[in-house]
Amino acid sequence: MFRLALPQDAPEIVQLYRPYVENTTVTFEYETPTKQEMARRIEQLAGRLPWILAFHEGKLLGYAYAHPYAERAAYQWSVETSIYMAQHARHLGVGRRLYGALFELLQCQGLRCAVAIVTSPNPASDAFHQALGFEKVGFLPNIGYKQEKWLAVSLWQKAIAPGEKTPPAKVRPLCELCPETVQKILQEYA
């Protein structure tokens, strides 16, 4: 089952995210966010951009979400995407379906470009993003420091909607999409 995240999902999201913060360099966070902080992050995007959860038999398998790429007005048609999977749910195709639903909702909103920032080296994430149509467009060496080493990131970009030569339509907040359309997209990919 796929559905949009709610602030009360924060405890499960924190539990899934914790190993990434504590044991990897995949995220540049040093401290696992509290449940309250995660709920705040969900609330901050609620109604504006999708944050999708994947469940199986009541257990959270993973989540994908989009947040604004940057604050300046000219960036409003671009988002940064993130995805995290429970360790036991990796390589089952759930992540591909989460991103599929995310991109379709973003396209319905009128967004044009997705950016993924991937710690490098990370061959699995690079292959995942490339398979989903992202193109590697940049590399920033020694941009972050975690686990006693300097880390690089690769920048990946994906066109969500065609029309790079035409003026964009106004971006619609997620809450303005027809609820039935949102549900149909989530069910289609689940």
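Each row is one residue, and each column tells you yes or no for (1) touching a Ser or Thr at 6+ places or on another chain (Cβ under 9 Å); (2) at pLDDT 95 or above; (3) open to solvent by less than 100 Å² (accessible area, probe 1.4 Å).
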residue: P167; (1), (2), (3): no, no, no
residue: K170; (1), (2), (3): no, no, no
residue: L174; (1), (2), (3): no, yes, yes
residue: A190; (1), (2), (3): no, no, yes
Expected single match for closer than 21 Å to Y99 by Cα, open to solvent by 20 Å² or more (accessible area, probe 1.4 Å), in contact with a strand residue (DSSP E or B) (Cβ under 7 Å, 6 or more places away or on another chain) and not in a loop (DSSP other than H, G, I, E, B) among E43, E12 is E12
Residue hits (segment 46-63; without any contact (Cβ under 8 Å) to a residue 60 or more places away in the chain, of a type outside the set (G, A, S) and assigned to a strand (DSSP E or B)) are W51, L53, F55, H56, K59, L60, L61, Y63
Subset of segment 126-151, residues crowded, with 16+ Cβ neighbours inside 10 Å and either over 18 Å from A64 (Cβ atoms) or at pLDDT below 95 (or both), comes to K146, L151
Next on the checklist: For segment 174-181, check the following and say yes or no: at least one residue is polar (S, T, N, Q) and either without any contact (Cβ under 8 Å) to a residue 60 or more places away in the chain or part of a loop (DSSP other than H, G, I, E, B) (or both).
Outcome noted: no
Result of the Cβ filter at 6 Å on segment 70-86, keeping first residues that are without any contact (Cβ under 8 Å) to a residue 24 or more places away in the chain and partners that are open to solvent by 60 Å² or more (accessible area, probe 1.4 Å), at least 6 apart or interchain, is Y75/Y69
Looking at the structure I just gave you, is T25 open to solvent by 40 Å² or more (accessible area, probe 1.4 Å) and more than 27 Å from Y189 (Cβ to Cβ)?
no
When restricted to A169, A161, the only residue in contact with a Lys or Arg (Cβ under 9 Å, 6 or more places away or on another chain), small (G, A, S), part of a loop (DSSP other than H, G, I, E, B) and in contact (Cβ under 8 Å) with a residue 40 or more places away in the chain is A161
Screening V79, V94 for residues that are among the aliphatic types (A, V, I, L, M), closer than 21 Å to G163 by Cα and open to solvent by less than 20 Å² (accessible area, probe 1.4 Å) leaves only V79
Can you find even one residue in segment 102-124 that is open to solvent by 20 Å² or more (accessible area, probe 1.4 Å), closer than 18 Å to A5 by Cα and assigned to a helix (DSSP H, G or I)? yes
Residue set E57, E71; condition closer than 22 Å to E43 by Cβ and modelled with pLDDT under 95; output residue E71
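The values are calculated or read from the model by the stated rules, or taken from the named source; none is laboratory data. Because the structure is a prediction, the values reported are computed rather than measured. Ideal geometry is used to build each Cβ from the backbone, glycine not excepted, and the neighbour counts take in all protein chains shown. Quick note on the areas: whole protein, heavy atoms, side chains included, nothing else; ligands and nucleic acids left out. Shrake-Rupley method; radii C 1.70, N 1.55, O 1.52, S 1.80 Å.
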